[in-house]
Amino acid sequence: MVQADARRLDEGPLDSALAASVRAPKTGELVARRLRRMIADGELKNGDFLPHEAQLLEHFGVSRPTLREAVRVLESEGLVELRRGSRTGARVRIPGPEAVALPAALQLQIGGATLADVYTARSAIEPTAARLLALTGDEERYAALEAALEGERDNLGSPAGFAVGSARFHLRMVQLAGNQTLALMAGMLHEIILRQTRNAVRSSGRPGMDEQALKSYEKLIRLVRAGRGEAAETFWRKHLAAADEIVLAGQAATRVIDITD
């Protein structure tokens, strides 16, 4: 039972300072933890309603205020949507990358992070993702990246459109690599990269820059389709170094807050 879970676990001797710093979780937090696990395990899917209150009260053996506290915890985490006055109850809402992107951008702003910080992080993420994608041998993933490239070809002649498509191509490549942690990290940086890329393309006025980018994307796809992981990683690292030099020209010390505000 949840009540049993709430008992203290420090029955043995503990250092007094440590004991003072340890707090047993409230029963509402334990119920929220169980429900969160059900969502993570797929027992409750996006769009599902939580079971009726009476069922949950019987299942967890807790009071109504405790159950409602648990639901409020999940609501604050963006995992459920609760419409006040609705008789249907709380509905599961699986958050997307934007759920962590905004808080991450705020942390970068508060910490005084620069664009150079952000692009260095991207250079640590994307080449590894390129290698992993090449090693999957998954034709469907390669076709999906090819589709992203075709969409980018349609943006030629539109600097703003190409900037958006470029940022999306980079993000899509990481997503297709199959490593969820790398994809999450890339998604956190996406909005900052998108805004700076858009600014750089608008102000650079360099003829042929978009065409050069397309050629690089084409070569990357050839390498990953051939399963050449190390070559894909090396090539993409060099591509990013050259591209970042252009994008960050005179802007490396610009603070993230100056881009996102």
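Scanning segment 100-123 for residues that are of a type in the set (Gly, Ala, Ser) and in a helix (DSSP H, G or I) yields ALA101, ALA104, ALA105, ALA116, ALA121, SER123. Criterion applied to GLU140, GLU150, GLU126, GLU69 was being part of a helix (DSSP H, G or I), under 20 Å from SER216 (Cβ atoms), of a type outside the set (A, V, I, L, M, F, W, C) and over 20 Å from the mean Cα position of the chain (by Cα), and the one residue passing it is GLU150. Check TYR142, TYR119 and return the single one that is touching an Asp or Glu at 6+ places or on another chain (Cβ under 6 Å), in the same structural domain as ILE221 (by TED's automatic domain parsing) and among the aromatic types (Phe, Trp, Tyr). Criteria check complete, one pass: TYR119.
Look at segment 131-169 and say how many of its residues are hydrophobic (A, V, I, L, M, F, W, C) and more than 18 Å from THR197 (Cβ to Cβ).
The initial filter retains those residues of segment 131-169 that are hydrophobic (A, V, I, L, M, F, W, C), namely 132-135, 143-145, 147-149, 156, 160, 162-164, 167, 169.
Going one step further and asking which of them are more than 18 Å from THR197 (Cβ to Cβ), we end up with 132-135, 143-145, 147.
Qualifying residue count for the region: 8.
For segment 124-159, filtering for residues that are more than 24 Å from LEU189 (Cβ to Cβ) and either in contact with a Cys (Cβ under 9 Å, 6 or more places away or on another chain) or of a type in the set (Asp, Glu) (or both) leaves 5. For segment 75-99, a residue qualifies if it is of a type outside the set (Val, Ile, Thr), surrounded by fewer than 16 Cβ atoms within 10 Å (Cβ to Cβ), modelled with pLDDT under 75 and part of a loop (DSSP other than H, G, I, E, B), and the qualifying residues are ARG83, ARG84, GLY85, SER86, ARG87, GLY96.
Considering every residue within segment 220-240, establish whether at least one is hydroxyl-bearing (Ser, Thr, Tyr), within 25 Å of GLU139 (Cα to Cα) and in the same structural domain as GLN107 (by TED's automatic domain parsing). Yes, segment 220-240 contains at least one residue that is hydroxyl-bearing (Ser, Thr, Tyr), within 25 Å of GLU139 (Cα to Cα) and in the same structural domain as GLN107 (by TED's automatic domain parsing). Here is a list: ALA200, ALA167. Which entry is of a type outside the set (Ser, Thr, Tyr) and either at pLDDT 90 or above or under 17 Å from GLU150 (Cα atoms) (or both)? Every option except ALA167 fails the conditions. Entry remark, segment 221-251: residues being closer than 19 Å to LEU115 by Cα and part of a helix (DSSP H, G or I) number 11 in total.
Here LEU194, LEU156, LEU145, LEU184 are screened, and the one residue that is at pLDDT 95 or above and either outside any helix (DSSP H, G or I) or in contact with a helix residue (DSSP H, G or I) (Cβ under 8 Å, 6 or more places away or on another chain) (or both) is LEU145.
The values are calculated or read from the model by the stated rules, or taken from the named source; none is laboratory data. Quick caveat: nothing in here was measured; it's all calculated off a predicted structure. All Cβ positions, even for glycine, are placed from backbone atoms using ideal geometry, and neighbour counts span all protein chains on display.
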